Amino acid sequence: MRMAIEWISVDERFPHDGVPVAAAVTGRYPVDPDDPEPLSGQEFWLVLPAHFRRLHLVEDTGEVVENCFIDADRVVRHPLGGRSDELVTHWAALPNLPGTDVPRVIGDGVQPALRAASGD
């Protein structure tokens, strides 16, 4: 299967609230003088799964953060020009599941969708 990805700059627009996306994230790996890790201090730009929130309540502090991307580890990243160490430059909609026209299936539809995708 092949698919085309449309990357959208955070300068152009944001995804809808709560939507899971692929986020292009840039930053720098932390420097650890005690660990000679080859990535230590290196700049990066990589793709991470995340979801977008127009308003996000940080549980620990009660702070409300606007227009941010949150990954599976609950790391909050701001769009380029924002105030986080790792910034999101672009985002893309997640692809549909194999053999479907939707990016997620929940509940009773999961097993039939899996069987259809595997040809069973």
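In table form, for the structure just shown:
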| read-out | value |
| --- | --- |
| Scan of the range 49-62 for residues that are open to solvent by 70 Å² or more (accessible area, probe 1.4 Å) and at pLDDT 85 or above, ordered by number | 49, 53, 54, 55 |
| Odd one out for residue 54, checked against (1) outside any loop (DSSP other than H, G, I, E, B); (2) under 13 Å from the mean Cα position of the chain (by Cα) | (2) |
| Inter-residue pairs, beta-carbon under 9 Å, first touching a residue at least 12 places away in the same chain (Cβ under 8 Å) and within 17 Å of residue 5 (Cα to Cα) and in the range 85-107, second open to solvent by 70 Å² or more (accessible area, probe 1.4 Å) and aromatic (Phe, Trp, Tyr), 6+ apart | 89/7; 89/45; 90/7; 91/7; 92/7 |
| Subset of the range 1-45 [within 21 Å of the chain's Cα centre (by Cα), open to solvent by 80 Å² or more (accessible area, probe 1.4 Å) and of a type in the set (A, V, I, L, M)] | 3, 4, 5 |
| Residue check, residue 65 surrounded by 10 or more Cβ atoms within 10 Å (Cβ to Cβ), modelled with pLDDT of 95 or more and touching a strand residue (DSSP E or B) at 6+ places or on another chain (Cβ under 6 Å) | no |
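The values are calculated or read from the model by the stated rules, or taken from the named source; none is laboratory data. Keep in mind the model is a prediction, meaning the values are calculated, not measured. Cβ atoms come from the backbone with ideal geometry, glycine included; neighbour counts cover every protein chain shown. We work out accessible area using only protein heavy atoms, side chains counted, and drop any ligands, DNA or RNA first. Shrake-Rupley method; radii C 1.70, N 1.55, O 1.52, S 1.80 Å.
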